[in-house]
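The values are calculated or read from the model by the stated rules, or taken from the named source; none is laboratory data. Because the structure is a prediction, the values reported are computed rather than measured. Cβ coordinates were reconstructed from backbone atoms using ideal geometry, including for glycine residues, and neighbour counts include every protein chain displayed.
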Amino acid sequence: MSDSTRTISVEALARVEGEGRFKVRLEGGKVVRSEFSIFEPPRYFEGLLRGRSYQDAPDVTSRICGICPIAYIMGASQAMEDALGWQVPRPIADLRRLIYCGEWIQSHVLHTHLLHAPDFLGLQDSIQLAQSNRGLVENGLAAKKTGNLLMEVIGGRSVHPVNTRVGGFYRAPSADDVQALIPELERGEALSVAALEAFAGFDFPDLEMDYLFVALRHETDYPITEGRIVSSSGLDIEVAAFPAHFEEHQVPHSNALQGATLDGEPYLVGPLARFNLNADRLPADILALAEKAGLAPGCRNPFKSLLARQVEVIYAFREAARLARAYTPPEPGFVEGPLRAGTGHGITEAPRGICYHRYEIAEDGAILAATIVPPTSQNQRQIELDLVGTVERFHDLDDDALQWRCEQAIRNYDPCISCATHFLKLDVERA
Amino acid sequence: MSSAPDSGIVIGVGQAERQDDGVGPYVARALKQRGLPAVAHEGEGSGLLELWQFRPACIVIDALSGAGPPGRLRVFADLEDPAFRRAAFVHSTHRLGLPEAVALGRTLGRLPDRLAVIGITGAAFGFGSALSPPVATAAEGLIETLAGAKDAFDEDLLAGLGGA
């Protein structure tokens, strides 16, 4: 089919959280034009925050996403604490890391088991997966249940927690409640190791991309809530320097801003970037499990993001159990201090990659300006490049198979549009 | 978990801070105050499976959009009916929603013996916790009917509330 002209388009997506479309024109095996666009109207969260109290930012921004509210809560909280000069003690920071593990588990397991795994098995959705591989779905539901439980115990409920605030937590959970989770967390790790072994048997499409990886990096730990921003090209900057190195810009075909370096270079955030930049921060036995499954540091195959996600699930269970064993309730569960005018920055590792917050506040704590750069925005240009690479690499597939492969490539990112299962409409124009 | 797993349960699905999308949680909280086994839930599918599995009966109350005049009740007792999936329940599709949870529960044998979904057509889904007047009226009527019934899970009672 290399001499044919084919137009591949992802038409308007129904049932998606973020409407989007992908169009690519292929001539003689080469892509001559492509557009990945998100045309959902802007939701104006940043404008909505102006004039409101600094205390509202975590709860308001958490409504941006029902899958990763903790990422928004923590990023906003850290930025406000930075602006106000409040220092969060280690026990509160550890409790934040613990609840964040719950969000990683919830989000990653949903994606690996129920949204992405069917792609690798030629199945339409999790319903078909449950019919053909019930054990894998049961495994995922059990692991996710533990993630939900972790969120409920610390955050008050499993989605959109209500116990978090600038400075920490309204009420620290009891040691008994947290430590009662340990057996389930240990079981969750075992379940997740078994799932990784199952995923390792998938047939991963052979594709390598030239990525600029960007992630947080911590002095000792695998990054979740803290760290400096690093990249595979040697960047190593503090969180506040994010706007001096990265920007969002408008493209004519999309309502969503696209992230890039100030030099205009696209970059990749998320599990594959985190793994590649922080593999040495994983416990040795977990890294060995990753390598045994076919995921080694330096991996540039976007389809193996599934493995990176699952490795992070194993780590999240291990880390959560460690934190739970060491837990004693901080009293009080939050810090606070005097208000002051200022500017603050916050970045954490959301399941899909770094999520940046910047706020300017007045002397009374009112928000004057807000900037939020979510991971899917940062990845948007790279998603388009991955699709181009996928189409060129697999252009000899028939239309249905190529359509499938493109959908699979988009779901590598677990972007908001990934929830639309099998949404591609493939139009072929033959020369 | 708000009740023993051998009892039926009412699950009110929705976002309490998004006006009429919060009608499910509103009804659930009111029923709980009246002594019925009821819980508010955000609607995440795997969580719904956990709540309703192994129970003899379950009623899910959720907001509908664009399905007739605001405040209209629609009861779905046959969840294999395509009308159920077409009903435009207000839910996030970034995760497993109610229709997917029902289908997955059916495949895995995790549905209650009897499961009915009551949809209430909303008028407003913006920011705020207040229900619109027609939805509030419908919610109060539903609360009185279920709380006053000898058996809130009775199929004939539910069928009388509004067909799909």
**Failed item in (1) surrounded by 22 or more Cβ atoms within 10 Å (Cβ to Cβ); (2) modelled with pLDDT of 90 or more; (3) not in a strand (DSSP E or B), with A:S418 passing the rest** = (2)
**Asked** Taking strands (runs of 3 or more DSSP E) that do not extend beyond segment A:1-90, which have at least 1 residues that are at pLDDT below 60?
**Response** A:5-10, A:20-27
**Asked** If you go through segment A:97-118, how many residues are of a type in the set (D, E, K, R) and crowded, with 23+ Cβ neighbours inside 10 Å?
**Response** 1
**Prompt:** Between a first residue in segment A:17-40 that is at positive phi and a second residue that is among the acidic types (D, E) and at pLDDT 80 or above, which pairs have beta carbons less than 8 Å apart while being 6 or more apart in sequence or on different chains?
**Reply:** A:G29/A:E392; A:G29/A:D396
**Complete:** Here the residues within segment B:40-90 that are within 12 Å of chain A (Cβ to nearest Cβ), modelled with pLDDT under 85 and surrounded by fewer than 20 Cβ atoms within 10 Å (Cβ to Cβ) are B:R85, B:R86, B:A88
**Hits in segment A:196-245 - residues which are in contact with a strand residue (DSSP E or B) (Cβ under 8 Å, 6 or more places away or on another chain), assigned to a loop (DSSP other than H, G, I, E, B) and among the charged types (D, E, K, R)** = A:E226, A:E238
**Prompt:** Do any residues in segment A:380-395 that are within 15 Å of A:A273 (Cα to Cα) have Cβ atoms under 6 Å from those of residues that are assigned to a helix (DSSP H, G or I) and modelled with pLDDT of 90 or more, where the two are at least six apart or on different chains, and which pairs are they?
**Reply:** A:D386/A:P302
**Asked** Can you list the helices (runs of 4 or more DSSP H) found entirely within segment A:94-195 that contain at least 2 residues being away from every other protein chain (no Cβ under 12 Å) and not hydroxyl-bearing (S, T, Y)?
**Response** A:117-120, A:134-155, A:175-179
**Item:** Odd one out for A:L212 among (1) among the hydrophobic types (A, V, I, L, M, F, W, C); (2) in contact with a Pro (Cβ under 6 Å, 6 or more places away or on another chain); (3) within 30 Å of A:Q408 (Cα to Cα)
**Value:** (2)
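Yes or no, residue by residue, for (1) more than 14 Å from B:V135 (Cα to Cα); (2) crowded, with 21+ Cβ neighbours inside 10 Å:
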position: B:V13; (1), (2): yes, yes
position: B:A16; (1), (2): no, no
position: B:Q19; (1), (2): no, yes
position: B:V23; (1), (2): no, yes
position: B:Y26; (1), (2): no, yes
position: B:R29; (1), (2): yes, no
position: B:K32; (1), (2): yes, no
position: B:A38; (1), (2): yes, yes
**Prompt:** Which residues, taken from segment B:118-164, are among the aromatic types (F, W, Y) and closer than 18 Å to B:L79 by Cα?
**Reply:** B:F153
